[in-house]
Amino acid sequence: MTLAPAQRSRTAILAGAKIVIGEVGSYESNMVDIAARAQVSRATVYNHFADKEEMMLSLLESEILRLADLAKAATSTKNALLVLSREISGDVALRKMTVTDPTDIAAFITIGAHPLWAVVQESLAKIFGLDNSSLVLHWLLGQVASPLTPAESAHQADQLSSALNANN
């Protein structure tokens, strides 16, 4: 699938933002560094996003949708859990933000009325079933603050998958 130039720029900007956040955290990130990482002009960044807050919300939404797509493409419940666990536990930007921006992380993992939470909950319900989605969500949120090793991800995904499948 070929992306239109505007979509390619937007995708590059969000990827650049994630890289910069992984290096310095969200507070210390700035649009100039993000534009440089994305290999676009600062004007191009502002053509897509009014400000850094709007860009960060777009990045968060993009990441939620990316993770949902990865889980949907998995061949089993266990593999869906494993891919989500490894992506969250291994996310460099999340790791950096837990150190540099703990207040933002606390707000991020607090389930609330923000429309993105509806997207998360709907995606998890489609993948794991409505009865299981809350358990999966809480398991994944715990990994934001306490990431798992790949071996721990595999072990816990196996255990959780067995429990979820036993409930069905």
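Can you tell me which residue is modelled with the highest pLDDT among those in the range 101-126 that are of a type in the set (G, A, S) and under 17 Å from E61 (Cβ atoms)?
Applying the first criterion (of a type in the set (G, A, S)) to the range 101-126 yields 106-107, 112-113, 118, 123, 125.
After this cut, where a residue has to be under 17 Å from E61 (Cβ atoms) as well, the list is 107, 112-113, 118, 123.
Numbers: A107: 84, G112: 86, A113: 86, A118: 90, S123: 94.
Filtering first and then ranking leaves S123.
Working only within the range 72-95, note down all residues that are surrounded by fewer than 19 Cβ atoms within 10 Å (Cβ to Cβ), β-branched (V, I, T) and under 28 Å from S26 (Cα atoms).
V83, V92
I'm checking my understanding of the structure. Among residues of the range 29-46 that are surrounded by fewer than 17 Cβ atoms within 10 Å (Cβ to Cβ) and not in a helix (DSSP H, G or I), which one is farthest from the chain's Cα centre (by Cα)?
S41
May I ask you to list the residues in the range 110-140 that are within 15 Å of the chain's Cα centre (by Cα) and not in a helix (DSSP H, G or I)?
T110, I111
Just a yes or no: is a residue in the range 26-49 of a type in the set (V, I, T) and under 30 Å from Q159 (Cβ atoms)?
no
In the range 116-131, is there at least one residue being over 19 Å from K72 (Cα atoms) and surrounded by 12 or more Cβ atoms within 10 Å (Cβ to Cβ)? Show your work before the answer.
Going through the range 116-131, the residues over 19 Å from K72 (Cα atoms) turn out to be none.
The answer is no; no qualifying residue exists.
State which residue is farthest from L94 (Cα to Cα) when the search covers only the range 12-29 and only residues that are modelled with pLDDT of 95 or more and of a type outside the set (A, V, I, L, M). Don't jump to the end; show me each part of the working.
Let us first name the residues in the range 12-29 that are modelled with pLDDT of 95 or more, namely 12-24.
Add one more test, that the residue is of a type outside the set (A, V, I, L, M), and what stays is 16, 18, 22-23.
On the way: G16: 15, K18: 9, G22: 7, E23: 11 Å.
Among residues in the range 12-29 that are modelled with pLDDT of 95 or more and of a type outside the set (A, V, I, L, M), the one farthest from L94 (Cα to Cα) is G16.
The values are calculated or read from the model by the stated rules, or taken from the named source; none is laboratory data. Please read these numbers as outputs of a predicted model, since none were measured by experiment. Neighbour counts run over all protein chains shown; Cβ positions are idealised from the backbone, glycine included.
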